Amino acid sequence: MSIETATLENNVIGRRGLMLVLSSPSGAGKTTLTRLLREEEPSLTLSISVTTRSRRPSEVEGVHYHFIQQAEFLALRDRGELLEWAEVHGNFYGSPKKPIEASLMQGKDILFDIDYQGAQQVRSNAPDDVVSIFILPPSIPELRQRLHRRAEDSEEVINQRLAAAKGEIDRWRDYDYVLVNDDLNRTFSRLKAILVAERLRRDRQLGLQSFIDSLAAAL
């Protein structure tokens, strides 16, 4: 057997998909980064969470969330059909298990836009599949301005989100990577670099040993 025949055509190196988890205080830019990443990486599947929160004017059912009643959400939770769930600002959020596992088995990467409570559960339930990134704002005044510019929440809700930000920021040590979103383009470039590197990790590549064996046999 010649070394020329020991190619990827005969020895396919596949991989199980990964779960890319992005978390941040509300207004730090997580949703914008998620949108940009999906535009540049169309194969990246967004995990569509279910939520009991009311739909915002800019949101589309089945695109941003599946908006359901609290009774339906609690039934999903109690049947163990959620990979993670959390109660945030009086509303419930969660990620259904079945579509996530199906995508991972097909080698597809899944993007999660979830808070630290959900991220903690995902890490606990599937530690080998998770890459977690925490997005920080450059300052609290900037965070406040971003929440106001969004113009989708009342002043009361904005104050609630700012009050919750301290506890959320304190969770930064729980994540694999931390990015300060002081410049959107730079932060996005760093986010893409993390994804590329994590896809190439040795332990994510399936069939690598067989490929190496074929190279050795050809020597």
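Going through Glu40, Glu101 one at a time, which residue ends up being among the acidic types (Asp, Glu) and without any contact (Cβ under 8 Å) to a residue 24 or more places away in the chain? Before you say what the answer is, go through the steps one by one.
Working: Glu40 fails: without any contact (Cβ under 8 Å) to a residue 24 or more places away in the chain.
Exactly one residue qualifies, and that residue is Glu101.
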### Task
Within the stretch 145-173, count every residue that is at pLDDT 85 or above, assigned to a helix (DSSP H, G or I) and surrounded by 14 or more Cβ atoms within 10 Å (Cβ to Cβ).
5
### Failed criterion for Leu200 (all others in (1) loosely packed, with under 15 Cβ neighbours inside 10 Å; (2) among the hydrophobic types (A, V, I, L, M, F, W, C); (3) more than 28 Å from Gln145 (Cα to Cα); (4) within 17 Å of the chain's Cα centre (by Cα) hold)
(4)
### Query
Just for the stretch 31-54: of the residues that are modelled with pLDDT of 90 or more and within 19 Å of Trp85 (Cβ to Cβ), which one is surrounded by the fewest Cβ atoms within 10 Å (Cβ to Cβ)?
Ser54
### Message
Considering only residues that are assigned to a loop (DSSP other than H, G, I, E, B) and more than 25 Å from Pro138 (Cα to Cα), which ones fall in the stretch 19-55?
### Response
Glu41, Pro42, Ser43, Leu44, Ser47, Ile48, Ser49, Thr52, Arg53, Ser54, Arg55
### Message
Please count how many residues of the stretch 115-145 are closer than 13 Å to Ala28 by Cα and touching a Ser or Thr at 6+ places or on another chain (Cβ under 9 Å).
### Response
7
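Residues are listed down the side, and each one gets a yes or a no for (1) more than 27 Å from Gly207 (Cα to Cα); (2) more than 14 Å from the chain's Cα centre (by Cα); (3) among the charged types (D, E, K, R):
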{"site": "Gly29", "(1), (2), (3)": "yes, no, no"}
{"site": "Arg38", "(1), (2), (3)": "yes, no, yes"}
{"site": "His89", "(1), (2), (3)": "yes, yes, no"}
{"site": "Gly94", "(1), (2), (3)": "yes, no, no"}
{"site": "Leu104", "(1), (2), (3)": "no, no, no"}
{"site": "Leu111", "(1), (2), (3)": "no, no, no"}
### Odd one out for Tyr65 among (1) crowded, with 20+ Cβ neighbours inside 10 Å; (2) more than 26 Å from Arg201 (Cβ to Cβ); (3) under 18 Å from the mean Cα position of the chain (by Cα)
(1)
### Task
Report yes if Leu76 is at pLDDT 90 or above, more than 19 Å from the chain's Cα centre (by Cα), crowded, with 16+ Cβ neighbours inside 10 Å and not in a loop (DSSP other than H, G, I, E, B), otherwise no.
yes
#### Entry: One residue from Gln205, Gln209 being touching a strand residue (DSSP E or B) at 6+ places or on another chain (Cβ under 6 Å), of a type in the set (S, T, N, Q) and surrounded by fewer than 16 Cβ atoms within 10 Å (Cβ to Cβ)
Gln205
### Residue list for the stretch 61-86, restricted to those being touching a Pro at 6+ places or on another chain (Cβ under 9 Å) and without any contact (Cβ under 8 Å) to a residue 40 or more places away in the chain
His66, Leu76, Glu81, Leu82
### Message
Given (1) in contact with a Ser or Thr (Cβ under 9 Å, 6 or more places away or on another chain); (2) more than 26 Å from Glu84 (Cα to Cα); (3) crowded, with 17+ Cβ neighbours inside 10 Å, identify the lone condition not met by Asp109.
### Response
(2)
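The values are calculated or read from the model by the stated rules, or taken from the named source; none is laboratory data. Because the structure is a prediction, the values reported are computed rather than measured. Neighbour counts run over all protein chains shown; Cβ positions are idealised from the backbone, glycine included.
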